[in-house]
Every structure is written in C-alpha cells, then in structure tokens.
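The values are calculated or read from the model by the stated rules, or taken from the named source; none is laboratory data. Because the structure is a prediction, the values reported are computed rather than measured. No Cβ is skipped: glycine too gets one built from the backbone with ideal geometry, and neighbour counts run over all protein chains shown.
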Amino acid sequence: MTMPRKTEGQALIDAFFAALKLRRLKECEAILTRLRTLALYAPWCTYFDGVLASERDNDWAEAERIFRGLLQTDLSPSLRGRVLMALGNVCKYQGHWEEAIRAYESTLPLFTRLERPLDRVRAWKQIAIAHHQGYTHGDLGSEALLRAQEHCRRALELLDAIEEPSTDIAWLEGSLWNKLGLIYRDVGRWDEAIRCYRKDLAICRSLDDRFGVGLSYGNLGEVYQKRGRDSWPQALEAYHKALAIIREFDDHYEETEVLANLGFLHQEMGATDTALAYYEQAIALIEDLRAGLSSEKARAGFFATIADTYANAVLLCLQMNEDERAFDLVEQARSRAFLDALSARSTELAREMATPTLSLEEVQAALPDDALLLEYFTTGLVETEDAHRPTAHGPERHRFPPPRTLLFAVTSDAIQVHDLSLTPNALRPRQLDSVVERHFLRRRTRRALYERLVGPVEHLLPGKQRLYLVPHGPLHYVPFQALLAPDGETLLREGGPRLSYAPSATLLLSPRFRETARAPCSCLALGYDTRGRVRTHFAEQEADTVARLTAGQALTGPGPKKKIFFERADDYRLVHLSCHGEFDPQKPLSSSLHLGANESLTALEVMERLRLRCDLVTLSACESGLSRVRRGDELVGLVRAFLHAGAPAMVVTLWRVDERSTLIVMKRFYREIQAGTSFGEALQQAQLYLRNLTLAKARERLGNEDWRLEVGWSELDDERIFADPFHWAPFILILTESSAS
C-alpha cells in the first residue's frame with residue numbers, strides 16, 4: 001500500500017531531524033534528495049539546505065542568506081518558527097549577538113499562538129545564551145548579564161508550570177540551571193552559582209548523563225576559584241574530576257577548557273611552572289583542532305577560550321622571563337586567530353591556509369641585518385563600555401586577561417620585550433564604519449603614540465634601513481608612519497628606514513615557493529569612476545596612467561570587468577585596482593571593490609577564485625586596508641584575501657583617500673618601481689614627494705583647476721598643500737616577502 005504524499009513528507013522530515021541529532025549528515029543528504037521529489041515540501045527543502053550549510057559545511061554566512069530569503073516567503077507558522085530559531089543560531093555562531101537575539105525574540109509570539117511552551121523555553125534559553133556569550137566575548141556590556149539572568153528565570157518558571165514531567169523537560173531544566181550558574185559566576189554571586197550547578201548535577205545524575213556531570217564539575221571549579229584562596233583546594237578537586245570524566249568521552253574542546261582553567265588556577269596560586277605546563281597542554285590540543293567545529297559549545301564559545309588561553313600563557317611567560325617562549329606563542333596566536341575567523345566563513349580555506357609558525361630562532365635567522373621587527377600583542381580587548389555594574393563585586397569575565405599592550409622588538413641577534421603601559425581599549429575605534437578616526441592624526445595624539453609605541457625601542461632605529469611593523473588588535477588602525485618623534489619629525493622621514501607592515505613575522509619571513517613561473521606581462525590596471533552615492537573622479541585616469549607608466553593594460557569604464565580580471569590577472573606581475581571600496585565590519589569577507597556599474601568584487605570571491613603570480617597588488621580604493629579587529633586579532637578582509645590569492649606585497653589605504661593626492665602618489669610610486677626601486681623605498685619616496693609638494697607644482701601635475709574653494713587651501717603657490725598626514729599617511733605597504741621591502 002502506497003503511503004499518502006503528505007504522510008511520506010512528514011516521515012522524511014522526522015527522519016532528517018533524527019539523523020541530524022546523531023550527526024549522520026550523509027543520511028540527512030539522502031533524505032533531503034528524496035524530499036525534493038515532493039513539490040509540497042519545497043520550503044522545507046530550502047530550510048534543510050540552510051541547516052546543512054550550517055551543520056555540515058559550517059558556512060554560517062550562506063546559511064544566514066538562505067534563512068533570511070526563506071523568511072521573505074509565505075511559510076506556515078511552525079516552519080517560520082524553526083527558520084527563525086535556525087537564523088538565530090547561525091547569527092550567534094558568527095558573533096552577531098543582537099541579530100541572533102532579534103531572531104529568537106521573533107519566535108515567541110509564534111510559539112505562544114501555537115501553544116508550544118517548550119519551544120518558548122528553548123527560545124528564552126537561546127536569548128540568554130546570546131546575551132551571556134556576547135558578554136563573554138567582550139562584545140556586550142554587563143547589562144547583558146542581567147538580561148540573560150532574566151530570561152533564564154522566565155524559562156525556569158514556565159517549565160515549573162508544565163505539569164507532566166519528561167526527559168526532554170529534565171534535559172532543558174538542567175541546561176538552564178547550568179547557564180544561570182554561569183551568569184551568577186560572572187556577576188560574583190558565587191553561592192547562588194554553586195546552588196545552580198548542584199541542581200544541574202542532580203539532574204545529570206538522574207538522567208545518567210556522566211558527560212553532563214563532568215561539565216558541572218568544571219563549572220563548580222570555576223566558582224570555587226572565584227571565591228578566593230580558601231576555596232582553591234575545592235576548585236582543584238572539581239577541575240580534576242571534570243578532566244577525568246571529560247577525557248572518557250574524548251572531547252578535546254571541553255578538555256581544552258578544563259586545562260585552561262587548571263593553568264589559570266595555578267597561575268593565581270603562584271605555581272608558574274605548573275600553570276605553564278597546563279597552558280601548553282591546552283595549546284597543544286588547540287593546535288590539533290582544525291576548522292570545522294561541530295558542537296554548539298565549540299562554535300559559540302571556543303574562540304574566546306583560544307584567545308584567553310594564548311593571552312594568559314604569553315603574560316605568564318613574560319612573568320617568568322621566558323621572552324623567547326612568549327614570542328613563539330604570540331606567533332601561534334596570530335596564526336590560530338586568523339584561521340578561526342576564516343573558518344567561520346570557509347572551513348576549506350582555513351585548512352588550506354594552515355601553515356606552521358616560525359620560532360624566534362627561525363625569525364632571527366631570516367631577518368635581514370639591516371632590519372628591525374616591531375611585533376605588538378594586545379590582551380584584554382573589549383568592544384563595549386560597561387554602563388553599570390550589577391553587583392558590588394562587579395561583573396568579571398572568567399579567565400579574561402588584563403588589558404596590556406606588549407612590544408616585541410626583534411633584530412637578527414636580540415629580542416627586547418616591553419609592556420607599554422597602554423590599555424588597548426583606549427585605542428578601540430568608537431565606530432567601525434569610519435575605523436581610522438581623525439583623532440589618530442592630531443599632532444598631540446601622534447606624539448603621544450610615538451612615545452608609547454616606538455619610544456621604548458627608539459635606540460634600535462639608527463642604522464636600520466627597514467622597519468617591519470606587525471600590529472595587533474586596535475593597533476591595526478594606527479598610522480605608524482605619521483607618528484611624531486621628539487625631534488618633531490614623523491617616523492616616515494628622509495633618510496629614515498623604509499616602513500612595511502606584515503600580518504605576522506611568520507608570513508613575512510617564511511620561504512615562499514611559487515608553484516608556477518613568474519607572470520610574463522607587466523601590469524593590469526582596473527579603474528572605475530563611481531557614479532552613485534559615492535562619486536569618484538580620478539580612478540579611471542589613475543588606471544590609465546599606471547598602465548601607461550608600466551607599459552601595461554588598462555580596463556576602465558562602467559562595463560563588466562570581473563570575468564576578465566579572473567581570467568587574465570594571473571598573467572601580470574603588477575595588478576592595480578583604482579575604484580571605490582567598501583569595508584564591511586560585521587562581515588569582513590563581504591568587503592568589496594566596485595569594478596563597474598552594478599559589479600563588485602568581494603574578499604571571499606578573491607579567496608575562492610583568484611590565483612596570482614604577481615609581485616604586487618595595489619588596491620587604490622577607500623578603506624582597502626581595513627579589517628575588523630576583535631579579540632584575538634581576527635583580521636580578515638580584502639588584504640588577507642589578496643595575500644591568499646598569491647600577492648607577496650600589497651599597497652592599500654587605511655581611510656577614505658583624497659583622489660588627487662592618490663593620483664600623485666601612484667604616479668611617483670610606479671615611476672620609482674620602473675626605475676628598479678624596491679616597493680618599500682618606492683612608497684617611501686612617493687609619500688615624501690607628496691608631503692613636500694606645493695600648490696604650484698600640484699597644478700602643474702594635475703591641471704590648473706581651482707581646488708581651493710572645494711577643500712579650503714590657501715592661495716599661496718608655495719604652500720605644501722598635502723603636508724597634513726591625512727593625505728600621505730593612509731598608504732601602507734603590506735608584505736609577505738621581506739625582499740620586496
């Protein structure tokens with residue numbers, strides 16, 4: 001007897017969820033293929049496409065796109081509730097806490113109308129989790145803890161009102177007590193936190209959930225540690241119980257969490273050798289864990305564990321005078337933070353880009369004798385100000401490192417480490433849609449930043465021809481070349497070292513092995529004068545000029561260029577793009593370059609589709625060098641995309657650039673390159689040339705139109721009209737090959 005079509009579809013839906021719960025993703029794919037044959041269930045198929053994009057591919061941005069598109073269609077209330085919950089989850093996995101909360105909150109009226117109290121409880125639980133994790137990651141302030149607490153309490157009250165107990169209710173109740181305990185831990189209400197964990201322990205034991213028991217012991221240990229010295233023996237006992245149980249289940253994520261806690265506890269106890277040993281065990285597990293996080297716990301919370309573990313280990317090494325080990329950990333932390341940020345969008349790319357980091361000894365062996373490497377490392381970065389403190393103790397993020405800015409100054413034969421007595425939170429941008437703010441360019445600020453960031457190692461600069469800068473955290477936003485020394489001159493100066501930036505010492509100094517021969521052609525220059533909301537006037541002229549100076553090819557105008565670019569870019573040694581660029585701080589891999597009318601090139605497309613054999617890529621576009629910086633230095637944007645595509649050197653901009661000054665810089669830059677000058681020296685000479693250019697000379701170079709009315713310059717022909725660092729300081733050279741400097 002043939003099963004009715006609707007019944008068959010519902011059976012397939014139930015089978016999909018059952019397979020998903022057991023992580024049988026191949027089985028889910030087969031079920032979805034069968035469900036596609038039933039036209040009535042097309043919305044469910046789209047929903048399951050999003051589920052698999054999230055659960056199988058860890059492609060949360062794609063899953064978010066699918067779910068948002070589906071919500072624009074006519075869905076049954078039940079399916080709409082599922083899609084909203086799924087949307088909340090993928091937003092949460094990406095650290096978009098407010099978007100996640102809005103999605104979860106949208107389900108509450110639906111579940112009320114459908115009379116599904118357990119689903120309302122689950123929604124409240126997820127809202128609480130998003131608030132709490134946003135606080136834990138440093139993105140939300142302490143008021144988020146109060147909101148998380150309120151939603152946990154509301155969910156527990158609703159569970160109490162359900163008269164028929166069940167295993168599902170018990171599981172849900174236990175997880176809520178656990179989450180409430182975490183919140184009480186963070187606000188310093190330790191006795192209440194312990195009571196919550198003991199309730200969770202009792203429920204786990206009643207359900208024969210030994211793994212849950214292990215997690216509860218770990219949480220108990222954290223609270224005992226917070227209570228102070230007298231409770232540390234109880235904390236140690238709880239951590240060891242947790243570690244023994246979790247190791248039975250071979251869960252490396254949770255094992256890393258307990259090892260980090262043991263390191264943190266022994267660090268507080270003053271047992272530094274033991275603390276470092278535990279941190280090193282945790283880091284060894286972190287290094288073994290590759291992209292493709294599968295559990296909700298791992299995806300939502302593990303990145304914070306990684307950042308804190310590395311930061312605490314680095315600070316401990318410096319406390320122990322282990323400068324070499326501290327530097328090695330900093331390099332590992334940089335590499336890992338980038339891979340974890342990238343894995344949130346593309347696990348395949350993250351695996352492809354994983355490479356071993358260099359040790360201090362290897363860095364020094366590769367560092368030229370005439371070079372100084374300044375590598376910075378920040379800890380304790382938060383992205384929000386706390387408006388108030390909910391308890392007398394004040395909220396406290398567990399294992400959160402103190403705010404520090406460290407400087408590792410490395411030469412070929414020595415290393416110096418300095419704590420710069422500067423909190424990185426003082427440099428955090430107030431808004432991410434204008435990341436490099438004007439206050440960085442004030443004379444007083446530039447002088448103060450030089451004193452803090454460069455002053456301690458200023459004595460190492462004489463005789464150095466190359467200065468490699470490796471920023472970290474908010475220091476990515478600082479225009480080092482414009483910083484003012486005590487003599488009133490900037491770090492970029494006549495006769496001074498050539499300044500270059502690098503993502504890490506490893507990427508700068510690792511040997512590069514090109515898979516193919518050097519590209520045969522000279523330069524491919526793309527230009528487009530934007531006509532819309534943001535207008536550009538000189539981009540196409542710039543591309544034509546660069547092509548002429550380099551005997552290359554220019555592609556200009558509003559027509560499509562992306563297909564040609566992907567097909568031909570591999571044939572050129574120099575690639576130049578002059579156009580409007582947009583940085584997306586929430587989704588950095590969606591940052592884009594406007595190549596033509598209604599045509600944009602995103603960072604993700606560059607990573608996935610472009611392969612280069614070039615020597616240099618120049619992104620002469622507004623904000624082309626910006627990347628979202630969060631805890632752990634998660635730096636992803638157009639720069640990383642082109643570096644991944646094969647560019648060993650890049651010239652980019654840090655803020656919205658004046659087009660006339662850009663055209664002048666690029667003309668001089670490419671003339672220097674054609675004369676055989678290194679990229680580092682060519683950019684240095686071009687910036688100094690622009691800085692010293694008078695109004696009369698500028699008119700001679702670009703035409704005699706009257707610019708003064710537009711930008712307020714004086715009428716003096718001998719005025720150095722581009723002397724303000726706003727004009728010359730945004731251009732930076734980023735290297736992954738030291739020879740290009």
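Tally the residues that are in contact with a Gly (Cβ under 7 Å, 6 or more places away or on another chain) and in a strand (DSSP E or B), restricting the search to the range 399-420. Lay out the reasoning, then the answer.
Our first condition is that a residue be in contact with a Gly (Cβ under 7 Å, 6 or more places away or on another chain); within the range 399-420, this holds for 400-404.
With the extra rule that they be in a strand (DSSP E or B), the set shrinks to 404.
Looking only at that region, the number is 1.
What are the pairs with Cβ atoms under 6 angstrom where one residue, in the range 308-329, is over 15 Å from Tyr278 (Cβ atoms) and the other, located anywhere, is basic (Lys, Arg) and part of a helix (DSSP H, G or I)? Sequence gap at least six, or different chains.
That search, which allows pairs on different chains as well, returns nothing.
Which one is surrounded by the fewest Cβ atoms within 10 Å (Cβ to Cβ), of the residues in the range 263-291 that are in contact (Cβ under 8 Å) with a residue 12 or more places away in the chain and assigned to a loop (DSSP other than H, G, I, E, B)?
Among those residues, the one meeting the criterion is Arg290.
Given the options Ser175, Ser231, name the one that is of a type in the set (S, T, N, Q) and in contact (Cβ under 8 Å) with a residue 40 or more places away in the chain. First the steps, then the outcome.
On the way: Ser231 fails: in contact (Cβ under 8 Å) with a residue 40 or more places away in the chain.
The conditions single out Ser175.
When residues of the range 574-619 are filtered for being surrounded by fewer than 23 Cβ atoms within 10 Å (Cβ to Cβ), small (Gly, Ala, Ser) and either within 18 Å of the chain's Cα centre (by Cα) or within 21 Å of Phe669 (Cα to Cα) (or both), how many remain?
2
Here are some conditions: (1) closer than 30 Å to Asp119 by Cβ; (2) touching a residue at least 60 places away in the same chain (Cβ under 8 Å). Ala260 meets all but one. Which one does it not meet?
Unmet for Ala260, out of (1) closer than 30 Å to Asp119 by Cβ; (2) touching a residue at least 60 places away in the same chain (Cβ under 8 Å): (1).
Give the residue that is surrounded by the fewest Cβ atoms within 10 Å (Cβ to Cβ), with candidates limited to residues of the range 670-697 that are among the hydrophobic types (A, V, I, L, M, F, W, C) and closer than 17 Å to Glu494 by Cβ. First the steps, then the outcome.
The initial filter retains those residues of the range 670-697 that are among the hydrophobic types (A, V, I, L, M, F, W, C), namely 673, 675, 679, 682-683, 686, 688, 690, 693, 695-696.
Narrowing further to those that are closer than 17 Å to Glu494 by Cβ: 682-683, 686, 688, 690, 693.
Numbers: Ala682: 23, Leu683: 28, Ala686: 24, Leu688: 17, Leu690: 25, Leu693: 23.
Here the answer is Leu688.
I need the full set of residues from the range 96-129 which are in contact with an Asp or Glu (Cβ under 8 Å, 6 or more places away or on another chain) and surrounded by fewer than 21 Cβ atoms within 10 Å (Cβ to Cβ), in order please.
Passing the criteria: only Leu118.
Under 8 Å between Cβ atoms, which residue pairs at least 6 apart in sequence (or on different chains) link something in the range 720-733 that is within 23 Å of Glu700 (Cα to Cα) and assigned by TED's automatic domain parsing to the domain that holds Gln685 with a partner that is at pLDDT below 90 and among the basic types (Lys, Arg)?
Phe726/Arg438
For the list (1) modelled with pLDDT under 95; (2) out of contact with any Ser or Thr (no Cβ under 8 Å at 6 or more places or on another chain); (3) crowded, with 18+ Cβ neighbours inside 10 Å; (4) farther than 24 Å from Leu146 by Cα, I need the number of the one condition that Leu172 fails.
(4)
For the range 98-105, check the following and say yes or no: at least one residue is among the charged types (D, E, K, R), out of contact with any strand residue (DSSP E or B) (no Cβ under 8 Å at 6 or more places or on another chain), in a helix (DSSP H, G or I) and over 26 Å from Cys152 (Cα atoms).
Taking the range 98-105 first, the residues among the charged types (D, E, K, R) are 98-99, 102, 105.
Next, only the ones that are out of contact with any strand residue (DSSP E or B) (no Cβ under 8 Å at 6 or more places or on another chain) stay: 98-99, 102, 105.
Those still in the list that are in a helix (DSSP H, G or I) too: 98-99, 102, 105.
Going one step further and asking which of them are over 26 Å from Cys152 (Cα atoms), we end up with none.
Looking through the range 98-105, none of the residues is among the charged types (D, E, K, R), out of contact with any strand residue (DSSP E or B) (no Cβ under 8 Å at 6 or more places or on another chain), in a helix (DSSP H, G or I) and over 26 Å from Cys152 (Cα atoms).
Looking for something at pLDDT 95 or above, under 25 Å from the mean Cα position of the chain (by Cα) and not charged (D, E, K, R) - is there at least one such residue anywhere in the range 378-390? I'd like the intermediate steps shown before the answer.
At the first step, the residues of the range 378-390 found to be at pLDDT 95 or above are none.
No - not one qualifying residue is present in the range 378-390.
Assess whether Ala551 counts as being over 17 Å from Ala647 (Cβ atoms) and crowded, with 22+ Cβ neighbours inside 10 Å.
Criteria not met by Ala551.
Would you check if there is a residue in the range 26-40 being surrounded by 14 or more Cβ atoms within 10 Å (Cβ to Cβ) and within 23 Å of Ala304 (Cα to Cα)?
Within the range 26-40, none of the residues are surrounded by 14 or more Cβ atoms within 10 Å (Cβ to Cβ) and within 23 Å of Ala304 (Cα to Cα).
State whether one or more residues within the range 425-444 are among the β-branched types (Val, Ile, Thr), modelled with pLDDT of 95 or more and either under 24 Å from Ser741 (Cβ atoms) or in contact with a strand residue (DSSP E or B) (Cβ under 9 Å, 6 or more places away or on another chain) (or both).
Restricting attention to the range 425-444, the residues satisfying the condition of being among the β-branched types (Val, Ile, Thr) are 435-436.
Those still in the list that are modelled with pLDDT of 95 or more too: none.
No: the range 425-444 contains no residue that is among the β-branched types (Val, Ile, Thr), modelled with pLDDT of 95 or more and either under 24 Å from Ser741 (Cβ atoms) or in contact with a strand residue (DSSP E or B) (Cβ under 9 Å, 6 or more places away or on another chain) (or both).
Being modelled with pLDDT under 95, surrounded by fewer than 23 Cβ atoms within 10 Å (Cβ to Cβ) and in contact with a His (Cβ under 9 Å, 6 or more places away or on another chain) narrows it down to one of Glu705, Glu659, so name that one. Before you say what the answer is, go through the steps one by one.
Working: Glu705 fails: in contact with a His (Cβ under 9 Å, 6 or more places away or on another chain).
Of the residues listed, the single one that is modelled with pLDDT under 95, surrounded by fewer than 23 Cβ atoms within 10 Å (Cβ to Cβ) and in contact with a His (Cβ under 9 Å, 6 or more places away or on another chain) is Glu659.
Can you go through Glu98, Glu64, Glu55, Glu115 and tell me which one is among the acidic types (Asp, Glu), under 18 Å from Ile13 (Cβ atoms) and at pLDDT below 95? Spell out the reasoning first.
Numbers: Glu98 fails: under 18 Å from Ile13 (Cβ atoms); Glu64 fails: under 18 Å from Ile13 (Cβ atoms); Glu115 fails: under 18 Å from Ile13 (Cβ atoms).
Being among the acidic types (Asp, Glu), under 18 Å from Ile13 (Cβ atoms) and at pLDDT below 95 holds for just one of Glu98, Glu64, Glu55, Glu115, which is Glu55.
Within the range 30-72, restricting attention to residues that are charged (D, E, K, R) and without any contact (Cβ under 8 Å) to a residue 24 or more places away in the chain, which residue is farthest from Leu110 (Cα to Cα)?
Of all residues in the range 30-72, those charged (D, E, K, R) come to 34, 36, 49, 55-57, 59, 62, 64-65, 68.
Within this subset, residues satisfying the condition of being without any contact (Cβ under 8 Å) to a residue 24 or more places away in the chain are 34, 36, 49, 62, 65, 68.
Numbers: Arg34: 29, Arg36: 27, Asp49: 23, Glu62: 25, Arg65: 22, Arg68: 17 Å.
Among them, the one singled out is Arg34.
Are any of the residues in the range 263-283 under 22 Å from the mean Cα position of the chain (by Cα) and at pLDDT 80 or above?
Let us first name the residues in the range 263-283 that are under 22 Å from the mean Cα position of the chain (by Cα), namely 282-283.
Then drop every residue that is not at pLDDT 80 or above, which leaves 282-283.
Yes - at least one qualifying residue is present in the range 263-283.
When the residues of the range 490-506 are filtered to those that are of a type in the set (D, E, K, R) and more than 29 Å from Ser335 (Cα to Cα), which remaining residue is surrounded by the fewest Cβ atoms within 10 Å (Cβ to Cβ)? Lay out the reasoning, then the answer.
From the range 490-506, those of a type in the set (D, E, K, R) are 493-494, 498; that's our starting set.
The next check asks that each one be more than 29 Å from Ser335 (Cα to Cα); those that pass are 493-494.
On the way: Arg493: 14, Glu494: 10.
Going through the qualifying residues, I end up with Glu494.
So Leu259 passes all but one of these: (1) closer than 29 Å to Val121 by Cβ; (2) within 32 Å of the chain's Cα centre (by Cα); (3) among the hydrophobic types (A, V, I, L, M, F, W, C); (4) buried (at least 22 other Cβ atoms within 10 Å of the Cβ). Which condition number does it fail?
Only one criterion in (1) closer than 29 Å to Val121 by Cβ; (2) within 32 Å of the chain's Cα centre (by Cα); (3) among the hydrophobic types (A, V, I, L, M, F, W, C); (4) buried (at least 22 other Cβ atoms within 10 Å of the Cβ) is unmet by Leu259, namely (1).
Looking at Ile31, Ile66, can you tell me which residue is over 28 Å from the mean Cα position of the chain (by Cα) and in a helix (DSSP H, G or I)? Don't jump to the end; show me each part of the working.
Numbers: Ile66 fails: over 28 Å from the mean Cα position of the chain (by Cα).
Checking each option against the conditions leaves just Ile31.
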